[in-house]
Amino acid sequence: MRFALVGNPSVGKSLIFNQLTGLGVEVSNYPGTTIELHRGNTCFKREIVELVDLPGIYSLDGNSEEESLVRGFLEEGETDAVIVVANVTRLERNLYLLLQVAEYGLPMVVVLNMADEAAEQGLEIDPGPIRDLLGVEVILTAASQGKNIDRIIPAALAASRPSKVEIPYDHHVEAAIRSLGKMFEADRTESLRALLGFGENPELLEAARTIADEIESRHRMTAAQIIAANRHNFAHQIADLTLKEEVVLPRSDLDRILTRAFPGIPILIGILVGMLLVVFIAGSFLEELIVDFFDLFALGPFLALGLPPLAEALGTSILLALQAGFGIAFPYVLLFYIIISILEDSGYMTRAAFLADNAMHRVGMHGGAVIPFTLAFGCNVPAIMSIRLLHSRRERIIASFLVTMVPCSARTVIIAGIVASFVGIAAAFSVYGIVLLLILATGLVLSRVMPGERFGMIMEMVPLRRPDPRLVVKKAWTRLSEFLFIAMPLLLAGSVVLGLLQFFGIMAIFEGLVEPITMALLGLPGYAATALIFGILRKEMAFETLAILAGTADLGVVLSSLQLYVFAVVTVLFVPCLATITVLLREVGSRITLAITLYTVALGLIVGAILFRLLS
């Protein structure tokens, strides 16, 4: 059995999916698209059930990749039943999509989520009208509390009857549906889709286009506008029957504070600066504890064993890699992902997008681009993937250039682990200042030279809510597991290779060849170039490799403050990591990816050289 989850963005659909499937989730692209689908399995009474989390959309009538994907999924009958998740606190808007899905006549279960928030707002919910009008099971849930989630799968398995709903459309639209049905033996749904311009039958589409033009001449509105208005009216009637306001509970309107230029923008800046301070200070404290622990209980005892030179070199490389990964990268990545998860789950991200809209327009994008930019502080890969939210290719190309320059958590590891630890916190913030100025300058130039349309911003302001600590930790762990299970093996393998190359003298030859260039241009020793190359695999590996090649995690002993500062700036700007390059190829193509790569290489080397000349 296969069930598909459908719903608007920010209704808790993915949270329900995760609660139903647990950790065994497969992420894959839908054939012919760049959109990722999450698939997972669950077992109920010894029966395996596959769940598919379809992208969040507001309507099935648009032409975006996400809307086309969901529409195709429903039309081709790729699911045994549809689980439609709706935010009951914003029921009328959510009912629009629900009614569209119901018109396909598939077995369906309706999940009215966020019942806990509805109760807090003084709303009484009667699921009876939806159940009676659609002929489907309706379940009230509170996904953040896990309430009634266990009822969804049994209800979907029992959903054998197709959903039944007939929206009362304008009499001209109803007449058109009947005419098309008689002429082409099309059912109600197929005729309606044809009036909206969707379908496979060219003769049906041509006849529907002629009738739609006649309807438009009579009403001075397109057929699509009339159909949408009728659906909204019907959704309004159902919402009035379903929701009743018991008591208007007094609530503080924080949005009056958070969405105004003052004090909203100072609060936004304070949150970002506070986030970085927590990562720097707490991360440095944890790093010192873990590094000292490895020195005392791992490296020291191992070197005291007196093993043969090759075995000692390999063992030391592995221990240094573990020390670098757990001691240097792990504390910063963990703290950053916890803070980002709190901001996401609290609903603050959409407020940040609203505040950033004017500034983003100056660099050729709208406020929605703040979401990829904020995600980029965690990892550039999901940030690049999220540029699909932007409307035009022009905006996506500009965002691709700028997002790859944003210091991700791996770069934060470098800034915090090198600059904050060995140079100073003020110097660490200056690296962010340099990168911010370069991002602004790059954006201003690209916004003037890049051809294409500009679009405004329409975004749902999700309600502010108190983050659930369990969900925050789970989300942070899911993101952190990528570092532990992907980056750490790479780091260990790279460390062993470096150990062998160093043992056999190959690294000394390479470093001897490049050292005159790196010293003259950047004032860095030859092994720093090796570290930069390894940083292409994963950005934090540049720092970790530098520690391995230097033979100590206490880099202040072997390199000066200026060398550490220049190395950090060059690494932060230098070439996106391999994973980011791979995603860029998929999202914007090879030409733009090559341009971004060459631009960041040149930018890193030029800025590094200028800083070395100015500060030496």
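The values are calculated or read from the model by the stated rules, or taken from the named source; none is laboratory data. All of these numbers come straight from a predicted model, not from anything done at the bench. Note: ideal-geometry Cβ built from the backbone for every residue, glycine included; neighbour counts use all protein chains shown. Protein only, heavy atoms only, side chains kept; ligands, DNA and RNA dropped before computing areas. Shrake-Rupley method; radii C 1.70, N 1.55, O 1.52, S 1.80 Å.
Take the Cα of residue 76, step 7 Å toward its Cβ, do the same at residue 151, and the gap between the two points is 3.4 nm. Residues 51, 446 ordered from highest to lowest accessible area at a 1.4 Å probe: 446, 51.
When each full DSSP H helix of the chain is screened for a Cα extent of at least 30 Å along its own axis and an average Kyte-Doolittle hydropathy of at least 1.0, the helices passing are 261-294, 425-449, 590-615.
Residues in the chain average 44 Å² of solvent-accessible surface per residue, probe 1.4 Å, ligands and nucleic acids excluded. A value for semi-axes √(5λ) of the Cα gyration tensor in Å was derived from the coordinates, and within the list (i) 37, 30, 24; (ii) 52, 27, 24; (iii) 40, 30, 25 it appears as (ii). Once the chain from residue 39 to residue 598 is taken as fully extended at 0.36 nm per residue, the excess over their C-alpha distance is 197.6 nm.
Tally up the carbon and sulfur contribution to the accessible surface of the chain as a whole percent, 1.4 Å probe, everything protein left in place. All intermediate terms of the calculation are to be shown ahead of the outcome.
On the way: 17260 of 27350 Å².
Exposed carbon and sulfur together represent 63 percent of the surface.
The residue list 241, 303, 546 was ranked by how far each Cα lies along the charge dipole of the chain toward its positive end, using unit charges on Cβ atoms, and 546 comes out on top. What FRET efficiency, computed as 1/(1 + (r/R0)^6) with R0 = 25 Å and r the Cβ-Cβ distance, is obtained for residue 124 and residue 342, rounded to the nearest 0.05? Here the calculated transfer efficiency is 0.20.
Label sites at residue 285 and residue 262, each approximated as a point 7 angstrom past Cα along Cα to Cβ, lie 3.5 nm apart. Distant-in-sequence amide contacts of residue 37, defined by a placed amide H-H separation under 5 Å and a gap of 5 or more residues or a different chain, comprise 28, 29, 30.
With all pairs of different C-alpha atoms in the average, the Kirkwood value for the hydrodynamic radius of the stretch 510-612 is 14.1 Å.
Based on the Stokes-Einstein relation at 10 °C and a viscosity of 1.306 mPa s, and on the Kirkwood radius from alpha carbon pairs, the stretch 180-223 is assigned a translational diffusion coefficient of 154 µm²/s. Computed packing ranks the peptides 559-570, 155-166 as 559-570, 155-166, most packed first, by mean other Cβ atoms within 10 Å.
Let me know the shape class of the stretch 135-215, please: from the alpha-carbon gyration tensor, a ≥ b ≥ c as square roots of the eigenvalues, rounded when a/c is under 1.5, otherwise prolate if a/b is greater than b/c, or oblate. Note, shape of the stretch 135-215 comes out prolate.
Calculate the translational D of the stretch 48-165 in whole µm² s⁻¹ from Stokes-Einstein, where the hydrodynamic radius comes from the Kirkwood formula applied to all Cα pairs, the temperature is 4 °C and the viscosity 1.567 mPa s. So the translational diffusion coefficient is about 88 µm²/s.
222 nm [θ] for the chain, helices only, -39500 (n - 2.57) per DSSP H run of 4+, per residue, to 500? Walk me through the numbers before you get to the answer.
Numbers: 29 runs with 374 residues, N = 616.
Result for the chain: -19000 deg cm²/dmol, rounded to the nearest 500.
In debye, nearest 20, what is the charge dipole magnitude of the chain about its Cα centre with +1 on Lys and Arg Cβ and -1 on Asp and Glu Cβ, if you could check?
Details: 45 positive and 59 negative charges, 214 e Å.
Computed about the Cα centre, the dipole is about 1020 debye.
Remark: spin-label model distance residue 47-residue 557 equals 6.5 nm, labels positioned 7 Å along the Cα→Cβ axis. The string of couplings for the stretch 130-137 from the Karplus curve (6.51, -1.76, 1.60, θ = phi - 60°) is 5, 4, 6, 6, 9, x, 10, 6 Hz, one whole number per residue in order, with x for Gly and Pro. Multiplying the residue separation of residue 296 and residue 210 by 0.36 nm and removing their Cα-Cα distance gives an extension gain of 22.8 nm. Can you work out the FRET efficiency for the pair residue 591 and residue 277, with r the C-beta to C-beta distance and R0 = 35 Å, to the nearest 0.05? With a Förster radius of 35 Å, E is 0.30.
Please compute the contact order of the stretch 151-242 in relative form: average sequence separation of alpha-carbon pairs under 8 Å and at least six residues apart, divided by the residue count, as a percent.
Values: 60 pairs, mean separation 25.1, N = 92.
About 27 percent, as a whole number.
Proximity of backbone amide H atoms, modeled 1.01 Å from N, is registered between residue 83 and 4, 5, 6, 109 at under 5 Å, excluding neighbours fewer than 5 places apart on the same chain.
So if each residue of separation counts as 0.36 nm, and I subtract the Cα-Cα distance between residue 244 and residue 481, what length gain in nm does that give?
Working: separation 237, 0.36 × 237 = 85.32 nm, distance 4.41 nm.
Result: 80.9 nm gained on full extension.
Less than 5 angstrom separates the built amide H of residue 198 from none of the residues sequence-distant by 5 or more or on a different chain.
Per residue, the average separation of C-alpha pairs within less than 8 Å and at least 6 apart gives the chain a relative contact order of 10 percent. The magnitude of the dipole of the stretch 61-112, with charges of +1 and -1 set on the Cβ of Lys/Arg and Asp/Glu and taken from the Cα centre, is near 340 debye.
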